[in-house]
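The values are calculated or read from the model by the stated rules, or taken from the named source; none is laboratory data. Source: prediction; values computed, not measured. So basically every Cβ, Gly included, is an ideal-geometry build from the backbone, and we count neighbours across all protein chains shown. Just so you know, the surface numbers come from the protein's heavy atoms only, side chains and all, with ligands and any DNA or RNA stripped out. Shrake-Rupley method; radii C 1.70, N 1.55, O 1.52, S 1.80 Å.
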Amino acid sequence: MLEIRNLHARVEGKDILQGINLTVRPGEIHAIMGPNGSGKSTLAGVLAGREMYEVTEGEVLYRGKNLLELEPAARACEGVFLAFQYPVEIPGVSNTYFLKAALNAVRKYHGEEEYDSFDFLALVKEKMKLVEMDPSFLNRPVNEGFSGGEKKRNEILQMAVLNPMLSILDETDSGLDIDALRIVANGVNKLHTSDNAAVVVTHYQRLLDYIVPDFVHVLVNGRIVKSGDKDLALHLEDHGYDWVKDIQESVPERV
Amino acid sequence: MTKEQSIHSYQEQFAAFEKTLNGESGSSFHALRREALLQFAETGFPTLRNEDWRYTNLNPLTGTAFAMAIQPAESAMLRSQAKAHALRIPDALTLLFVDGHFLPRLSDLGSLPEGLEVRDLPAVLREDALPVGSAATDATVMRNNPFTALNTAFTRQGVTLSVRRNALIEQPLHLLFFSTPAATPFVAHPRVVIDVEANAQCSFVEQYVGDPGAVYFNNVVTDVHVGENAVVQHIKIQDESTAAFHVAANYATVARSGHYANHYIGLGGALLRNAIHAVLAGEGAHCTMNGVYIPGGVQHMDHFTVTDHAVPNCTSHELYKGILTDETRGVFTGKIIVRQDAQKTDARQANNNLLLSENAQIDTRPQLEIYADDVKCTHGATVGRINDDQLFYLESRGIDRAQAGNILSYAFASDIVTRIPLASLREAIDDRLYRRLEESWKK
Ligand SMILES: Nc1ncnc2c1ncn2[C@@H]1O[C@H](COP(=O)(O)OP(=O)(O)OP(=O)(O)O)[C@@H](O)[C@H]1O
Ligand SMILES: [Mg+2]
């Protein structure tokens, strides 16, 4: 589904990603871990099409298409979804309006009929149950005044409504209390099928108890320096990143 | 045409206009017209050296020759033509004006609610019954506002609206000003006089529309008196042809504990000047001024507002927002005067602008003249651009850049609409605003 080859990217003239290789197949869940500032959000942003990141080398194939050539909106319509580490607040735009505009944009892209308000509301209320969100959040401006945890739930609600093929969850677990973590993880698991895939960025093994990854990658200084199965995350939890930092000059293992 | 030639042509027009007045030319109102014309000729058109007009070059207006608007033939077709441009406000009563002339037979006069009186201005003037001494006909006002003097010199067309004591008028009154496409540019000087007596409540929607591309000049004066404890919602939707000239002066006087709210939506006109002069004349009076302007192409929009706190314990709130695209130019001046007596004044003002293009320009200036010492006055102006993080957030959900930009600019403007306390009108305006913004993001 996703194939990243030797991806290099920079921001403000600073090289951040320095040769990422990663392959994600349908049905898989990948976890990406790594120290602060190692480039995890940058990778997520490059995949979603954030303009401020400049790709200097490498390529990204997504379902046979050159992903880097697509506008951000087209990527979303093609099924790429990014749950933001820091979701932005949009005063003056209600959550319902936003969700409906997004869903209808995706449907229009695929030549499908747009939802009217009535059908849309039924759908979104159904999806809200998945993340145990109160319907009152629908009338509030997007993320405005939401608590940290509420913002993260709202991201998963959007994911549920848009039903993407490839979800990239950037620290969706940070800021969640224990109950919320379970609810959000549950939501992600319910949305997971053998046809779609997820890349989960996290600092904590805790999340991976709920969302069990097929692969765990360690990103250090813009490169994947170690890949393994879910046990790698347990090992990192106990030993930190220092031991992997030492091997960062070695050739990264291919998955 | 130079400014002098332009003034001269209005003088000639006045001579011709006088001849059509017959017996009326002996009336006291006509004496006022003559004074107004003299005053206009003496002051002349404002230049950039005039502080109040510093950012608005009137050459395109003074350089155009305008014939006097003529009385249109009333027909059902004319009404539907005008209605085609109008906002649909389901519960409103419509008063139709075409080329500045009030057309009673094409207006909903049959079903006026009790307590509301509408009179055709020519009839009022024939009786010489227009209350002289209102703000707009004050000698000082005319000296300082040459366009008001010019309007007074030619005042004949328009209406007077009176709302009786204690009357609660629920249906909004929709004053629809339609300008017809004409072979030669024409000028109209409509005058609307609104007198709302004590304890009454009412809403007026003043809307200006014209065929796209039509060149004309609307020189409008409205004169509003808000009685004691009365509440007036005055909504203006300026949606003129983008080739038209629109210069308006709106004078409001608010008596004790009265509330005057002016909501302005500005979309049309090649050259627009919208002035509001509100005087809080009785203790406890309140004035709200909210506005949004969205010029496109090369439109020039100048908003000039004056809030005059003449007595103690009055409040005023003003919020103007602008979205500027293409090569447009916007001007906002917010003058707050607090007279020496006006202790405990509470005045707030803000002007926020969104620049969507490198070539758009906004000049914004608060002007505070405070002569009392125990007052609260706040003001602030901002000029910003679309927030990239918000734009990307929307795009990352499948909404293309044009629509995302449209959603964000609409969100910026929409809180002006949400402050209009008439649901039916809000919907109609929402619709119109959204379409207008869509045009600017499609490019
Ligand atoms: N707009 C920017 N301007 C300058 N530097 C930036 C910008 N965005 C990111 N960086 C830098 O790029 C590096 C990688 O940042 P990134 O956000 O990808 O890290 P991360 O792995 O997601 O970290 P964290 O675990 O703290 O979320 C950091 O050193 C960061 O300071
Ligand atoms: Mg990050």
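General remarks:
- Spatially, segment A:115-178 and segment B:174-220 are offset by 47 Å when compared through their Cα centroids.
- Alpha-carbon Rg/Rh ratio, for segment B:387-443, with Rh computed the Kirkwood way: 1.04
- Heavy-atom surface of segment B:79-155, accessible at 1.4 Å and reported per residue (Å²): 41
- Over chain B, Cα pairs under 8 Å with separation of 6+ residues give a relative contact order of 10 percent.
- Chains A and B together, accessible area buried on both sides, 1.4 angstrom probe, square angstrom: 1900
- At a probe radius of 1.4 angstrom, the accessible area of segment B:387-443 per residue rounds to 41 square angstrom.
- At an R0 of 30 angstrom, the distance between the Cβ atoms of B:S75 and B:A423 translates into a FRET efficiency of 0.35.
- Heavy-atom accessible area, 1.4 Å probe, ligands and nucleic acids excluded: residues of segment B:397-418 down by at least 30 Å² from chain alone: B:R397, B:G398, B:I399, B:R401, B:I407, B:A411
- The protein assembly as shown, accessible surface, carbon-and-sulfur percent (1.4 angstrom probe): 48
- What the phi angles of segment A:125-141 give under the Karplus curve with 6.51, -1.76 and 1.60, with θ = phi - 60°, is a coupling list of 5, 4, 5, 5, 5, 4, 9, 6, 9, 6, x, 4, 5, 5, 8, 7, x Hz, glycine and proline written as x.
- Counting DSSP beta bridges with both ends in segment A:156-255, the antiparallel % (nearest 5): 50
- Entries in A:K100/B:K83; A:K40/A:K151; B:K83/B:K236; A:K40/A:K125; A:K40/A:K127; A:K125/A:K190 that, when Cα-Cα distance is taken, lie over 26 Å: A:K100/B:K83; A:K40/A:K125; A:K40/A:K127
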